[in-house]
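Before any comments, here is the structure.
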Amino acid sequence: MGDSPASEVESSKSSPRKEVNSELDRRPFGGLEFQVSEVVGRLEAVVNAQDAPEEEEKPEPRKMSTGFFEPEESSMDEILKILEDLVVKTDPNCESIEPPLLPTDAVTRAAVLSHSISALFARLERSHAVRLGAHIASETTRWMAHMFRLADYNAFYHQEHLEGLVRVTRMLLHHRYPRYLEDGSLAFANRLPSIYSCVASPLGVVQHLCRQLSLPLACVRPVPVHPSGRGMDVEALERLCEEDIAANRTPLLVLGEVGASPLGWGTPLAALSAICKSKNVHLHVRGHALALPAANGRDETYSIADSVALTPGLWFGVPGLPTVTFYKIPEPISANEHSKSVSTACGREGALAALAGLGGGSRVAALPLWAAARAGGARRLARRLNAAFRSARAVRAVVAGAGLRLLSGRPGGDEPPNIDIIEAISHASACVAFQFAPPGVEKPPPYYDKLNSWLGQVLQREADVINIEVCETESYGVVLRYCPLEGALEGAAEGGEGLAEEGRVEAWGVALQAQLHVLRATAALRDPFQLRLQHHPCLRLVHVPGWAGLGGVRYVPPGWEDAPVEELNSLNQQLVETLRATDGAFSCGDGEDGMACVRFGMVTADTDVDELLDLVVTAGKDVEENSKALTDMTEVLKKGIEAAQADLQREAWQEGLLRRVPVVGRVVSWWAPPPPPAGRRLLLAHGTLQTTADIYRYVQKKEKEDEEEARAPSPARQHEPTTKE
């Protein structure tokens with residue numbers, strides 16, 4: 001009996017990979033977890049390999065078909081390979097340091113995996129999926145409410161950031177307008193609802209709200225900013241509510257913010273809530289400061305707002321997590337027979353929630369957050385928030401020590417025990433907003449906007465350990481901002497990680513100080529530069545849009561005032577090329593008039609302005625002389641060529657007049673052979689023309705001597721003996 005082939009023996013043995021897969025397949029989600037983890041790992045590997053410092057390959061341009069496309073059946077490996085190629089080809093910045101897919105931890109992988117499981121739940125029966133989703137949402141709501149210290153709220157989970165606010169507002173419309181279900185927007189045609197928002201808040205929020213609910217923009221009532229310049233003016237809000245009630249309008253909703261972008265300002269929640277309760281207005285609160293209760297670890301709870309919007313995905317740094325809107329059913333409720341008829345079993349709460357769609361949406365919308373909370377644990381997620389607030393406080397200390405202007409309040413997390421949680425949330429900024437500005441001014445001059453933009457760009461490029469954002473505000477101009485809660489720090493602040501964070505902030509502070517020395521020197525020397533410029537009539541001050549350097553000048557020598565624009569541009573461009581050979585801080589730019597000029601870059605404190613200007617004037621004179629000499633030489637050549645052509649034409653006419661007459665021309669040519677060809681040469685030193693007859697005679701003489709020398713026998717050949725055979 002022969003041995004079995006080796007292939008059959010190997011095939012009879014089960015490979016470890018097959019055993020693992022079979023074991024995973026026995027579990028409902030084991031195989032799915034393995035596949036999703038493999039997909040994420042492969043995508044991360046191809047992106048990280050693309051960023052490796054090996055020979056870079058330029059991605060091929062993506063080919064798009066203009067006709068119909070019918071995909072063929074492909075295996076999963078082929079699909080993953082296509083996705084890997086697409087990830088690389090669609091990278092908007094191939095030279096980016098950070099890959100488009102950042103490395104994932106256990107919490108992020110759990111959130112990514114939960115989306116696949118959520119799609120799998122769609123195959124369950126509706127009643128089963130509803131019960132499962134309700135259980136997951138109930139657990140997640142208890143965890144989130146406990147973590148963020150909220151009490152007596154329902155929760156709605158949604159992917160769109162403003163969807164919760166839209167549905168809460170729809171619930172309020174059903175509550176305050178009994179005919180809203182039948183009449184729609186006609187229900188409040190005679191009694192318009194009012195939505196109050198601070199003028200400093202983003203206008204896009206109320207615009208989106210009105211578009212989604214078909215509300216006219218006249219419903220929006222802008223509330224002025226507090227005289228201190230921070231937050232909503234609560235007294236002005238109260239006056240607006242009274243005016244609307246007197247004008248037969250319905251005060252419906254107040255949009256409050258705590259730790260709001262971009263400056264981290266907030267509104268006193270206690271005073272705001274008191275006014276809303278007295279005027280029967282719904283108070284909706286959002287902002288980064290709502291993450292403070294989870295960071296400070298206090299057991300105190302609050303329920304001062306009627307609805308609260310939380311963004312745990314942004315705060316935890318985990319993509320794919322839903323936004324959570326905690327809300328309360330309004331009290332008291334007016335008679336609304338139509339809302340009661342929606343669900344007689346669950347009462348008015350279920351009726352209003354059903355009408356607003358707060359109970360609808362995805363059956364397991366809370367699953368990603370539920371999985372992330374299970375994977376990370378409440379303590380680990382809370383440590384991430386605590387690390388973010390600690391990082392903001394450390395950066396604020398560095399900025400304050402550097403002498404920059406701070407526009408945001410102190411980040412929360414270290415309040416004294418006698419401050420309650422509502423007051424702490426009201427004053428916590430959750431970010432650091434600062435700018436380089438002269439002392440004693442409310443809004444810096446426009447030139448400081450350029451300086452702050454330059455500082456932000458340099459910090460983003462050379463000190464990227466701290467993510468700085470450049471913002472433009474109406475009240476303060478260009479502002480630099482650091483908000484660690486917008487993409488929280490990776491990992492919890494434990495032991496060595498806390499020390500690493502301190503090292504990052506310290507390194508960023510050193511880079512900031514180095515740039516501030518240049519910034520302060522440039523701002524201090526700008527006025528002396530413009531004053532010294534008046535002593536040089538050939539230099540004119542030029543305003544260069546968007547330039548943060550010392551300034552711009554244009555070299556206009558005497559007599560060039562009416563010169564063409566092209567010549568002035570060429571002169572100044574040549575001047576910049578000459579100056580850059582001496583100092584790289586010079587560059588060529590365009591002024592507001594579109595003409596070329598010399599730009600002075602950022603300088604240091606030991607820079608001598610007079611020396612710089614003298615250097616420009618000296619180099620300008622050299623360039624001018626070279627340009628004038630070249631211009632004169634061009635003119636001499638031009639005139640010499642014209643004169644030579646005229647002389648040659650005149651001589652040709654004089655010599656050839658009789659020679660062109662029939663019969664006579666032959667006699668003249670026999671009697672007087674034509675002279676040698678004549679030419680003209682131009683003496684550049686004197687600018688005069690001379691004939692080339694002497695050169696022609698010299699050439700003929702030289703050729704004749706060479707011919708005679710070639711014909712004459714050489715002396716060696718004369719004395720050579722003859723040989724005989």
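Miscellaneous remarks
- Put simply, of ARG167, ARG191 the only residue that is in a loop (DSSP other than H, G, I, E, B) and either out of contact with any His (no Cβ under 8 Å at 6 or more places or on another chain) or within 30 Å of ALA373 (Cβ to Cβ) (or both) is ARG191.
- Residue match in region 263-278 (condition: closer than 22 Å to ARG383 by Cα and touching a residue at least 24 places away in the same chain (Cβ under 8 Å)): yes
- Residue check for GLU497: in contact with a Ser or Thr (Cβ under 7 Å, 6 or more places away or on another chain), within 30 Å of LEU314 (Cα to Cα), part of a helix (DSSP H, G or I) and at pLDDT below 90: no
- Members of region 362-421 found to be part of a helix (DSSP H, G or I), in contact with a strand residue (DSSP E or B) (Cβ under 6 Å, 6 or more places away or on another chain) and not hydrophobic (A, V, I, L, M, F, W, C), listed by number: ARG396
- Candidates ARG599, ARG580, ARG554, filtered to the one that is in contact with a strand residue (DSSP E or B) (Cβ under 9 Å, 6 or more places away or on another chain) and without any contact (Cβ under 8 Å) to a residue 40 or more places away in the chain: ARG580
- Residue that is least open to solvent (accessible area, probe 1.4 Å) [pool: residues in region 440-483 that are in a loop (DSSP other than H, G, I, E, B) and of a type in the set (D, E, K, R)]: ASP464
- Among the residues making up region 572-609, those that are of a type in the set (Ser, Thr, Tyr) and surrounded by 15 or more Cβ atoms within 10 Å (Cβ to Cβ) are THR578, SER587, THR607.
- Positions within region 527-554 being more than 21 Å from LEU575 (Cβ to Cβ) and surrounded by 16 or more Cβ atoms within 10 Å (Cβ to Cβ), in sequence order: ALA548
- Any hit, region 413-427, residues being modelled with pLDDT under 90, surrounded by fewer than 18 Cβ atoms within 10 Å (Cβ to Cβ), of a type in the set (Gly, Ala, Ser) and under 30 Å from ASP299 (Cβ atoms): no
- The combined condition, being modelled with pLDDT of 95 or more, closer than 17 Å to LEU385 by Cα and either in contact with an Asp or Glu (Cβ under 7 Å, 6 or more places away or on another chain) or not in a helix (DSSP H, G or I) (or both), is fulfilled by VAL324.
- Residue in region 212-232 that is over 21 Å from THR311 (Cα atoms), at pLDDT 90 or above and of a type in the set (D, E, K, R) present: yes
- Within region 198-236, the set of residues being on the phi > 0 side of the Ramachandran plot and within 32 Å of the chain's Cα centre (by Cα) comprises GLY229, GLY231.
The values are calculated or read from the model by the stated rules, or taken from the named source; none is laboratory data. Quick caveat, the model's predicted, so the values are computed rather than measured. When we count neighbours, we look across all protein chains shown, and the Cβ atoms used for this are built from the backbone with ideal geometry, even at glycine. Remember, those area values only see protein heavy atoms, side chains included, never the ligands or the DNA or RNA. Shrake-Rupley method; radii C 1.70, N 1.55, O 1.52, S 1.80 Å.
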